[in-house]
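The values are calculated or read from the model by the stated rules, or taken from the named source; none is laboratory data. Source: prediction; values computed, not measured. Counting neighbours? That spans all protein chains shown, and the Cβs are built from the backbone with ideal geometry, glycine included.
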Amino acid sequence: MKILHLSAECYPIAKIGGLADVVGALPKYQNEVGEDSAVIMPFYDNKFTANNSFTTIFNGELTLGNAVYPYSLLKTTDDVLDFDVFFIHIENLLFEKYVYSENDINRFLAFQIVALDWILTLENPPDILHCHDHHTGLIPFMAQESFKYQSLNQIPVITTIHNAQYQGWMSYEHLHKIPQFNIEKIGLLDWDKCINPLAAAIKCAWRVTTVSPSYMEELKHHANGLEHLLSQESTKSVGILNGIDTDVWNPETDDFIIKNYNKTTIASGKKANKKWLCETFNLDEQKPLVAFIGRLVGEKGAELLPAVFKNALQEQEINILLLGSGFKETEEQLSSLKSEFEGNYNVYIGYDEKLSHLIYAGADFLLMPSRVEPCGLNQMYCLRYGTVPVVRSIGGLKDTVIDIAKGGFGICHDEVTVADISSAIDRALKLYKKKTQFNANRKFVMSIDHSWKVSANAYINLYNSIKQHYD
């Protein structure tokens, strides 16, 4: 089966969040079981494109409203990844140093139209188009309704919602840029009096998936305005839990960390990595280390972290280390605590891939007090490295972390409040003091399998069920 994933992100090419990790792993695992899975994405002006060589496989010209853009389809000349990646290169539109900006309407419209235009030219087109998030949300509509793509309307199109909070809204002044279709079908584009690409994808895709079963159910009640639509389309919707790339995230072989380890050598391995973190960030290696890795935004409960951290540092024997960026006010509040709690607290504002691996390897606990967490990969990464997750029971966190008080292995809380998060940290520190239980627990969590193998097969089964149903 020939599968083409369409996405704005793909690790290690361009990563902003978990979308990149999914698109960078799912095709690899699908290929390992005998499928032909590839990715098409924009060609950005970034480190990956600067450090690799590419060959041009197609040239064309895009008309977008009144503007005309020459474009190229590129492909790496080396087998850099475990799957093929095709790049859409538009010099004055997609080729930027950023992935997203405040006004991406034209950029991602162009990406989607050129992707379909190129697919039209293929002698052997894909058997499945798998679209990811709103940046590819108009593809199900265009493939089904635009006159120029009539020959593609028998190719099943899957849409995966990684985060329904972002929907790609655009005004109707952009309608003329969408390849011509029967205007009577305009309702497929509309939601709340504007063009809503994610809503259009939910209406037009052959199947809709989310990145965890719990998130699929939650979206029927909290989907930033799409609740009724998702309930209405529930018969074609399914939640499939994300996995992680266990080759990239493997403490036994990870080149980023100070000392490699496995379940047998976890004590010495985590001690060495914790020692490096504590020396680098001026922390006390004798105290438990609680870490946070993520975007400093409301979805992650980040605005509560300054108060949570201050309470913990005043009342507990604890180290706290944060890696993330987001709202400037939250960044400033978190940074301002450094002078007050020097020696037990530090922050790194920004993102560093190597440091994230080191934190998973060296921390004792990872904090995820999310308001919204469609799946979450951080908790899976920390389990892989023997770090205990402290999470709010929501979305994929609910599906992957069972509270230790209920026979599980993590620390869970129900509400996103300073009191609830602080109480969860307090429970974590009490577990840390029970050394025999704590050490046995972190060995156990390393054995939990969250690899992509199960999830990749679930997607393949979904593709096959569609093809069987419509053949």
- Consider G243 carefully, then state whether it is free of Cβ contacts under 8 Å to residues at least 60 places away in the same chain, within 17 Å of H450 (Cα to Cα) and of a type outside the set (F, W, Y). no
- Message: Given the options F58, F95, F54, name the one that is among the aromatic types (F, W, Y) and out of contact with any His (no Cβ under 9 Å at 6 or more places or on another chain).
- Response: F58
- Query: Is there a residue being modelled with pLDDT under 95 and exposed (fewer than 15 other Cβ atoms within 10 Å of the Cβ) anywhere in region 173-190?
  - Reply: no
- Within region 343-375, restricting attention to residues that are small (G, A, S) and surrounded by fewer than 18 Cβ atoms within 10 Å (Cβ to Cβ), which residue is nearest to the chain's Cα centre (by Cα)? G350
- Message: With the structure loaded, tell me whether V401 is without any contact (Cβ under 8 Å) to a residue 60 or more places away in the chain, over 22 Å from A20 (Cβ atoms), of a type in the set (V, I, T) and assigned by TED's automatic domain parsing to the domain that holds S423 or whether it fails that test.
- Response: yes
- Looking at region 14-72, which of the residues that are in a loop (DSSP other than H, G, I, E, B) and hydrophobic (A, V, I, L, M, F, W, C) is nearest to N106 (Cα to Cα)? F43
- With I394, I425 as the choices, which residue is within 30 Å of A205 (Cβ to Cβ), out of contact with any Leu (no Cβ under 6 Å at 6 or more places or on another chain), in the same structural domain as K270 (by TED's automatic domain parsing) and buried (at least 20 other Cβ atoms within 10 Å of the Cβ)? I394
- Task: Go through the residues of region 67-88 one by one and say whether even a single one is at positive phi and not charged (D, E, K, R).
- Result: no
- Filtering region 1-11 down to residues that are within 20 Å of D133 (Cα to Cα) and at pLDDT 95 or above yields I3, L4, H5, L6, S7, A8, E9, C10
- Which residue, of N103, N51, is within 25 Å of Q165 (Cβ to Cβ), polar (S, T, N, Q), out of contact with any helix residue (DSSP H, G or I) (no Cβ under 8 Å at 6 or more places or on another chain) and not assigned by TED's automatic domain parsing to the domain that holds I293? N103
- Task: Just give me the residues in region 261-294 being hydrophobic (A, V, I, L, M, F, W, C) and in contact with a Ser or Thr (Cβ under 7 Å, 6 or more places away or on another chain), in sequence order.
- Result: I293
- Message: Among the residues of region 332-342, are any surrounded by fewer than 24 Cβ atoms within 10 Å (Cβ to Cβ), over 23 Å from S447 (Cα atoms), hydrophobic (A, V, I, L, M, F, W, C) and under 22 Å from the mean Cα position of the chain (by Cα)?
- Response: no
- Task: Would you point out the residue of region 216-272, among those that are hydroxyl-bearing (S, T, Y) and not in a loop (DSSP other than H, G, I, E, B), that is nearest to the chain's Cα centre (by Cα)?
- Result: S237
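Criterion first (under 27 Å from D254 (Cβ atoms), modelled with pLDDT of 95 or more, surrounded by fewer than 18 Cβ atoms within 10 Å (Cβ to Cβ) and out of contact with any Asp or Glu (no Cβ under 6 Å at 6 or more places or on another chain)) does G408 satisfy it?
yes
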- Identify all residues within region 344-359 that are under 29 Å from E218 (Cβ atoms) and in contact (Cβ under 8 Å) with a residue 60 or more places away in the chain; write none if there are none. S356, I359
- Kindly provide the set of residues from region 1-49 that are charged (D, E, K, R) and within 19 Å of T210 (Cα to Cα), ordered by number. E9, D21
- Message: Six or more apart or on different chains, Cβ atoms under 6 Å: show the pairs whose first residue is in region 22-40 and in contact (Cβ under 8 Å) with a residue 40 or more places away in the chain and whose second is buried (at least 24 other Cβ atoms within 10 Å of the Cβ) and of a type in the set (S, T, Y).
- Response: V23/S7; P27/S37; Q30/S37; N31/S37
- Message: Scan region 283-296 and tell me whether some residue there is farther than 27 Å from S393 by Cβ, free of Cβ contacts under 8 Å to residues at least 40 places away in the same chain and not polar (S, T, N, Q).
- Response: yes
- Take F327 and decide whether it is under 22 Å from E415 (Cβ atoms) and surrounded by fewer than 16 Cβ atoms within 10 Å (Cβ to Cβ). yes
- Query: Is there a residue in region 148-158 that is under 28 Å from the mean Cα position of the chain (by Cα), part of a loop (DSSP other than H, G, I, E, B), under 19 Å from I16 (Cα atoms) and modelled with pLDDT of 95 or more?
  - Reply: no
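Every residue, every condition in (1) part of a helix (DSSP H, G or I); (2) surrounded by 14 or more Cβ atoms within 10 Å (Cβ to Cβ); (3) without any contact (Cβ under 8 Å) to a residue 24 or more places away in the chain, yes or no:
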| residue | (1), (2), (3) |
| --- | --- |
| V85 | no, yes, no |
| E96 | no, yes, no |
| N103 | no, no, yes |
| F108 | yes, yes, no |
| F111 | yes, yes, no |
| V114 | yes, yes, no |
| E123 | no, no, yes |
- Note on the structure: Residue count, region 310-343, condition among the hydroxyl-bearing types (S, T, Y), touching a residue at least 24 places away in the same chain (Cβ under 8 Å) and closer than 20 Å to C278 by Cβ, comes to 0
